[in-house]
1. When chain B is turned about an axis onto chain A, which of its residues keeps its C-beta closest to that axis, and how many Å is it?
2. Output the 0 to 90 degree angle, nearest 10, between the alpha-carbon long axis of helix A:231-240 and the longest principal axis computed from the alpha carbons of chain A.
3. For label points placed 7 Å from Cα toward Cβ, what is the shortest-first list of nm distances from A:Glu273 to its copies?
4. Taking θ as phi - 60°, what are the ³J(HN,Hα) couplings along segment B:243-258 by the Karplus curve (6.51, -1.76, 1.60), each to the nearest whole Hz, with x for Gly and Pro?
5. In what sequence do A:Tyr32, A:Tyr60 fall when counting other Cβ within 10 Å, fewest first?
6. Take every Cα-Cα distance within segment B:178-298, group them into 5 Å bins from 0 onward, and report for each bin the whole-number percent of pairs it holds.
7. Quick check: net charge around A:Lys83, other residues with Cβ under 15 Å of its Cβ, Lys/Arg +1 and Asp/Glu -1?
8. Over 18 Å between Cα atoms: which of B:Lys151/B:Lys177; A:Lys177/B:Lys206; A:Lys101/A:Lys151; A:Lys23/B:Lys214; A:Lys151/B:Lys214 fall into that group?
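Bear in mind these aren't lab numbers, they're just calculated from the coordinates by the rules spelled out. Quantities reported herein were computed from a predicted structural model and do not represent experimental measurements. Heads up, the Cβs are rebuilt from the backbone with ideal geometry, glycines too, and the neighbour counts pull from every protein chain shown.
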Number of protein chains: 2
Amino acid sequence: MTFNTILIVGGGLIGSSIARAAKAYDQAKTLYITDNSHSACSAIERLGIADGVSEGQADYFASQADLVVLCVPPGRMGSVAEKIIPNMKSGAVLSDVGSIKGAVIEAVTPFLRDDITFIPAHPIAGTEYSGPEAGSADMFKDRWCVLTPTKKGLPETKQLKDFWQGFGSQVSIMTPKRHDIVLATTSHVPHLIAYTLVGTAVDMEKVTANEVVKYSAGGFRDFTRIAASDPVMWRDVFLSNREATLEVVDRFIEDLTALKRAIRWEDGETLLEHFAKTRDIRRRIVDAGQDSAEPNFGRHD
Amino acid sequence: MTFNTILIVGGGLIGSSIARAAKAYDQAKTLYITDNSHSACSAIERLGIADGVSEGQADYFASQADLVVLCVPPGRMGSVAEKIIPNMKSGAVLSDVGSIKGAVIEAVTPFLRDDITFIPAHPIAGTEYSGPEAGSADMFKDRWCVLTPTKKGLPETKQLKDFWQGFGSQVSIMTPKRHDIVLATTSHVPHLIAYTLVGTAVDMEKVTANEVVKYSAGGFRDFTRIAASDPVMWRDVFLSNREATLEVVDRFIEDLTALKRAIRWEDGETLLEHFAKTRDIRRRIVDAGQDSAEPNFGRHD
Ligand SMILES: NC(=O)c1ccc[n+]([C@@H]2O[C@H](COP(=O)([O-])OP(=O)(O)OC[C@H]3O[C@@H](n4cnc5c(N)ncnc54)[C@H](OP(=O)(O)O)[C@@H]3O)[C@@H](O)[C@H]2O)c1
Ligand SMILES: NC(=O)c1ccc[n+]([C@@H]2O[C@H](COP(=O)([O-])OP(=O)(O)OC[C@H]3O[C@@H](n4cnc5c(N)ncnc54)[C@H](OP(=O)(O)O)[C@@H]3O)[C@@H](O)[C@H]2O)c1
């Protein structure tokens, strides 16, 4: 057991999954959750995944916790930190799971205390659903968790690493800046593009929404899954990771424009060359255990 | 049984699936396959999914078939039609499964005979894999198949409709032009975008391929599945459906540019408004039985 008592702030998809995993993998003796949503708190009680649940603030929980993990939307991290930190016990560890790191660190830092260590984290795992019911104990198994400590060699970094490895995750350490550009590439821009394309399809005057639904098995339905993710969280992600998102989007638009030109000029060579090089990355992702090799992801229907 | 004897030209993913389905759903007494790939022919023999297999041309098969279905890449349809049609028996039906219809009709039409009826078709089903081993008898179940007959009220259209319904497909009829713009939206442009984004990620100097692989579970891995589809087929699709593809891509770039601007100007309202409207289409796709509601498509990995 790495931490005795843990407080999760925000018991949604990720927070409730940490709670479940902490119990399933024996990573906490006592686990508390606070959430400002009444329905989330009721669901957490019903699910029985915490030793204590509180709607709104919970000074007592904060004062007991050896580890506090902020699992609220990125845009809420600052205001939550402001309220929680003054109540935390001396020597405790503060962490978060926000999908961007630079902006979260910036928001939390003004409220930090000298006797509290803040180790930002981001588990690269999740689904398109939100809320405590959508969580699961195995959410983080075989996935990577990135830690972005602001100082080198902290013992708390090692502790948090053990904690995440306890869930079956692999842990890597990088700077917040690097995290944000890497994740802009592998997560943020893919989401932005999926949201955009689904919107484009819905708005095409020449094609009805009904047609889009019927013929979605040709590829489009994959995009709609990603574009069904929580709008508030993703708005926060794009606004807080503006620079990196825009950098990757610009590269993407450049590349798309080049392929557009190849199509317009019937330059099959260029298309083929481009399409052939993307297969290798798929094979590597499957080999690394990051995706299923089954056709269509092994969907059943 | 709608057709007695069927010849499939090109026994790959789609052709071999039709062969399996024809047997499984009792839609053919005799089913022949020809394919110009030696390894595909050996696989088809090994799988035992045809009553006769021939590498290269097969005049005898063509002369016996009541239905010939061209299942070769879109760019090969014309040359295959030129060779097969002279050997077909009078009164037979010719069809195809090409992912675009305008260009295939244009390529096949010069070789048509008055005593042969050509009914183009496109089953909206498939996977990212190619070849006869990747096929399955239930590929077309609960999926849509679009027929684009060039004349109204043909009895052969009704016959082909029965044939596809026999596989558990739903059949709709539209003009080739409408098919091509609808499919550009729901299939062709999604593929082009997936190919582009995977290429962009691989080419980012600031992000290594290794990082892209490790952190792909954030959304990127979905794109790599689509971008692992057959490069030759997709080159053909984009070149043969140029106009519609470019039209949808241009709309997409416009929309992406608007969202980019919203991010740059920190206009959260616009982002939220856009992201909220895309959820409904997902719900409709799941309700229509066109996708699984399970988180992450119910992947097991
Ligand atoms: N979803 C993913 O795939 C994923 C993956 C990795 C990391 N993350 C990160 O994980 C975090 C949580 O995301 P999630 O998907 O778990 O979201 P979620 O399911 O919507 O859960 C968030 C919960 O936090 C509550 N909350 C909001 N503000 C709060 C506050 N001030 N105090 C207490 N509770 C508050 C929310 O209640 P209300 O509904 O009332 O706001 C909600 O119950 C985000 O920072 C996100 O970037 C998400
Ligand atoms: N894949 C999908 O998801 C999907 C969905 C709906 C419709 N379609 C359409 O279905 C058609 C076939 O696609 P597929 O995915 O089944 O491709 P595939 O698995 O690659 O199979 C095509 C087969 O046709 C063979 N072939 C090529 N030229 C030939 C010729 N002149 N004579 C005889 N055989 C020939 C190929 O052999 P070689 O390898 O030697 O070329 C290959 O074995 C395409 O028109 C495509 O647009 C595909």
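1. Closest to the axis: B:Phe297, 2.
2. 90
3. 4.3
4. Taking θ as phi minus 60°, the curve returns 4, 5, 4, 5, 4, 5, 4, 5, 4, 4, 5, 4, 5, 5, 5, 5 Hz for segment B:243-258.
5. A:Tyr60, A:Tyr32
6. All Cα pairs considered, the percentages come to 2, 9, 13, 17, 21, 21, 13, 4, 0.
7. That sum, taken over residues with Cβ under 15 Å, equals -3.
8. On the way: B:Lys151/B:Lys177 14 Å; A:Lys177/B:Lys206 11 Å; A:Lys101/A:Lys151 14 Å; A:Lys23/B:Lys214 26 Å; A:Lys151/B:Lys214 24 Å.
Pairs exceeding 18 Å: A:Lys23/B:Lys214; A:Lys151/B:Lys214.
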